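The values are calculated or read from the model by the stated rules, or taken from the named source; none is laboratory data. Fair warning: this is a prediction, and the values are worked out from it, not measured in the lab. All Cβ positions, even for glycine, are placed from backbone atoms using ideal geometry, and neighbour counts span all protein chains on display. Ligands, DNA and RNA are excluded from the accessible area calculation, which covers all protein heavy atoms including side chains. Shrake-Rupley method; radii C 1.70, N 1.55, O 1.52, S 1.80 Å.
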Amino acid sequence: MPIATTAAQATQHLDDPSVDRLVRDLGIPPQPRLLADLAAEMRRPEPDPQRIARIVSADVALTAAVLRVANSPAYALTRRAETLGQAISLLGMRQIGVMVTGLVMRNALRTDGPQLTRFWDVSAKRAWALSQLARQLRCVDVDVAQTFGLFCDVGIPLLMQRFPNYGATLQAANADAQRSFTQVEQDAHQTDHALIGALMARSWGVSQTVTLAIRLHHDYAVFQDPKVPETVARLIAMGLVAELAIQTFAGLNASNEWTKGGDKCLGTLMLNEGDVEEWVEQLVGGFSDGMA
């Protein structure tokens, strides 16, 4: 499938009947019943915290994982949550929803190997970094930013499972200073992780806004396209800042993605280069402190 160059083309690609075959070929997991039930409750005019607690607590291992994450340094609770009800009360239903989605996703994509270990580590750092950016910049809802952070690279483990040589493609895409990341993938496999991630997000009930941001998150022309929704452009811009912080924390002196799109994203977030440096320093400090 060709690279999407506009928001309209990205939407058209996602609606193309041929993607159904792609979903089957790549083994994109369907939305688990627990998440479907949770999403249905969250869509109600007045979601019931007790009903949400009952839905999640049907899975004992998941409940234990939610409490473990809720009590981690990342959330800095003022008091320890001993029960799921307390966690919902302290963090809010939306935050619990994002947390549960991330944990369920990890179970649905169980894979081994050092590359996947790094993938999950980066995913956690990105989601946390985006939550901090969204909370302080106040330009995107925190739960929306975190959901984008969780799903934007979820196509990577699926492509690793499908293509034995995808690890080499991943290295080439990270190193290529000219072609877009997704163009390198398309040239090698006729698909890319942004498309696959967007398809999985849509099939799991993620909003159209976040799905579109996932599809376009390596296409930095979005920052000059007036037809791209503001929230989509902001999510992609915040993702670039988070990526720069993650690369800096890893000890890398340069980020090809920031080189390709960093300058263009500043106006979208109304930041200057000094602001970005401060953000990177703050986020790297959080990573060092074990926040993610």
Carbon + sulfur, % of accessible area of segment 1-131 - ligands and nucleic acids excluded, 1.4 Å
52
Ranked by accessible surface with a 1.4 Å probe, highest first, in what order do 57, 123, 72 come?
57, 72, 123
Equivalent ellipsoid semi-axes for segment 179-252, as square roots of 5 times the alpha carbon gyration tensor eigenvalues: give them largest first, rounded to whole Å.
19, 17, 14
Per residue solvent-accessible surface (Å²) - the chain, probe of 1.4 Å
48
Cα gyration tensor shape of segment 142-227, rounded if a/c is under 1.5, else prolate or oblate by comparing a/b with b/c
oblate
With a 1.4 Å probe and all protein chains kept in place, how do 260, 227, 125 rank by accessible area, largest first?
227, 260, 125
Along the principal axes of its C-alpha atoms, what lengths does segment 17-132 span, in descending order and rounded to whole Å?
46, 34, 27
I need the semi-axes of the equivalent ellipsoid of segment 147-292: take the C-alpha gyration tensor, multiply each eigenvalue by 5, square-root it, list largest first in whole angstrom.
23, 19, 16
Hey, what did the chain get for relative contact order, percent, Cα under 8 Å, at least 6 apart?
21
Take each complete run of DSSP H in the chain, measure how far its Cα atoms stretch along the helix's own axis, and keep only those covering 18 Å or more with mean Kyte-Doolittle hydropathy at least -0.5; list them.
93-108, 114-137, 230-249, 273-288
Can you check what the net charge comes to around residue 260, using other residues whose Cβ is under 13 Å from the Cβ of residue 260 (Lys, Arg +1; Asp, Glu -1)?
-3
Cut-off 11 Å, label point 7 angstrom out along Cα-to-Cβ of residue 34: give me the residues of segment 64-86 whose amide nitrogen falls inside.
64-67
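Taking only DSSP H segments of four or more residues, each worth -39500 (n - 2.57), what value at 222 nm results for the chain once the sum is divided by all its residues, to the nearest 500 deg cm²/dmol?
The helix contribution divided over the chain gives -21500 deg cm²/dmol.
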Rank 11, 248, 99 by how far each Cα sits towards the positive end of the charge dipole of the chain (+1 on Lys, Arg Cβ; -1 on Asp, Glu Cβ) and give me just the farthest.
99
Using only protein heavy atoms and a 1.4 Å probe, report how much of residue 234 is accessible, in Å² to the nearest 10.
50
Here, residue 42 and residue 177, labelled 7 Å along Cα→Cβ, have an inter-label distance in nm of 4.1
Environment charge at residue 184 (Cβ cut-off 10 Å; Lys +1, Arg +1, Asp -1, Glu -1):
-3
Can you give me the solvent accessible area of residue 82 with a 1.4 Å probe, rounded to the nearest 10 Å²?
120
Here the Cα Rg-to-2.2 N^0.38 Å ratio for segment 34-87 is 1.18
Where Lys and Arg each count +1 and Asp and Glu each count -1, what net charge lies around residue 83 among other residues with Cβ under 14 Å from its Cβ?
+3
Put 25, 143, 59 in order of accessible area, largest first, 1.4 Å probe: what do you get?
25, 59, 143
Percent relative contact order for segment 8-96, counting Cα pairs under 8 Å at least six residues apart, stands at 21
Distance between segment 148-209 and segment 88-145 - C-alpha centres, whole angstrom
18
Would you check the accessible area of residue 80, probe 1.4 Å, heavy atoms only, in square angstrom rounded to 10?
150
Cross-link reach from residue 125 to lysines, straight Cα distance under 22 Å and at least 8 residues apart if same chain, gives 260
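Whenever you get a sec, compute what percent of the accessible area on segment 136-209 sits on carbon and sulfur atoms (1.4 Å probe).
Answer for segment 136-209 is 45 percent, counting heavy atoms of protein chains only.
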